[in-house]
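What follows draws every value from the coordinates through simple rules; no lab data is involved. Keep in mind the model is a prediction, meaning the values are calculated, not measured. Positions of Cβ are generated from backbone atoms using ideal geometry, with glycine treated the same way; all protein chains shown enter the neighbour counts.
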């Protein structure tokens, strides 16, 4: 029970952080990509603070043998740069620049009831589902 | 950009970092929204449960935010509404194909100095900037 409650508190923390940092505002997201227009450094400031905190915390956490509630740390096994990484990130970049929404802020906005997230998030889930279908077909000859 | 905006942004970023760190410290997981969402479609029951609970926390934060500070969720950008559908499809497909989004690669990945995450972050920011240069800024 305590284990599950911590997931809820972490989810609330992440959502609240995105609201406090104005990352749920699509103007802010498009603003950091708008080098030719009115460039807005808000996202960079948010990233700098988040990465600094996480970097120092990870250095301490990953020296431990296992997490508090789990058996092992789940870290991505792949280290190489792959075509897949670049193509996927590029497709994400197109959608991100078009809408000014990425998954975290979109999910938080869904909770607020705002209409645009109720269009965007189902489309995003459909995109993930399509990927799953395509990936399965690709891997089964 | 006002000093108060800078302070709130930095506070939000630091709080996000604490959430990301807590997920690794307590459960050994990378806080990546696209992974947490996408794995809902494929994971087994036990694996699905924690993801749903975490997402419920995110939604409750959004609900509270919508009541206390609705201005934070206004879609006031120079884009037609229909764009949300292809954009959502691309974000969903692309984050799964590229194994991560702004949280997993951009924050957790950069924090552990992952080369893949640096490459992914540069790619989606560069491509996003090209798209904004072509279709225009927020207003």
task = May I ask you to derive the FRET efficiency for residue B:118 and residue A:35 from their Cβ-Cβ distance with R0 = 22 Å, giving the value to the nearest 0.05?
result = 0.70
remark   = Per residue of B:46-58, other chain Cβ atoms within 10 Å number on average 6
ask   = What's log10 of I(q)/I(0) for chain B at q = 0.12, 0.16, 0.17 Å⁻¹, Debye sum over Cα points only, no solvent?
value = -0.62, -1.16, -1.32
key: Distance (nanometres) between label positions extended 7 Å along Cα→Cβ at residue B:11 and residue B:48   = 3.9 nm
inquiry  = Let me check against my output: what whole-number percent is the relative contact order of the range B:1-126, with C-alpha pairs under 8 Å and at least 6 apart?
reply    = 30 percent
task = Please sort B:56-64, A:88-96, A:103-111 by packing, taking for each peptide the average over its residues of neighbouring beta carbons within 10 angstrom, highest first.
result = A:103-111, A:88-96, B:56-64
query = For the range B:52-139, what is the relative contact order in percent, using Cα pairs closer than 8 Å and at least 6 residues apart in sequence?
reply = 29 percent
ask   = Which FRET efficiency, nearest 0.05, do residue A:118 and residue A:64 yield, Cβ-Cβ r, R0 30 Å?
value = 0.15
ask   = In a solvent-free Debye calculation with one equal scatterer on each Cα, what is log10 I(q)/I(0) for the range A:77-141 at q = 0.17, 0.18, 0.20, 0.23 Å⁻¹, listed in the order of the q values?
value = -0.74, -0.80, -0.91, -1.05
Normalised alpha carbon radius of gyration of the range A:1-86 [divisor 2.2 N^0.38 Å] = 1.43
query = So, in Å, what gap is there between the alpha-carbon centers of the range A:92-129 and the range B:1-36?
reply = 19 Å
inquiry  = If I take all pairs of Cα atoms in the range B:47-123, what percentage of them are more than 16 Å from each other?
reply    = 70 percent
ask   = Under the rule of -39500 (n - 2.57) per DSSP H run of 4 or more residues, summed and divided by the residues of chain A, what mean residue ellipticity at 222 nm is obtained, to the nearest 500 deg cm²/dmol?
value = -23500 deg cm²/dmol
query = Which residues does a label at residue B:78 reach in the range A:62-99, if reach means a backbone N under 18 Å from a point 7 Å past the Cα toward the Cβ?
reply = A:97-99
Residues B:7, B:99, A:102, sorted so that the one with the fewest Cβ neighbours within 10 Å comes first = B:7, B:99, A:102
request  = Fewest Cβ neighbours within 10 Å first, please rank A:16, B:95, A:65 accordingly.
outcome  = A:65, A:16, B:95
ask   = Using alpha carbons only, what's the Rg to Rh ratio of the range B:1-68 with Rh from Kirkwood?
value = 1.07
message = Taking the beta-carbon count within 10 Å as an exposure proxy, list A:55, B:69, B:105 from fewest neighbours to most.
response = B:69, A:55, B:105
query = Please report, for the Cα atoms of the protein assembly as shown, the Rg to one decimal and the Dmax as a whole number; what are they, in angstrom?
reply = 17.3, 58
remark   = For chain A, averaging the sequence separation of alpha carbon pairs under 8 Å that lie six or more residues apart and dividing by its residue count, the contact order in percent is 27 percent
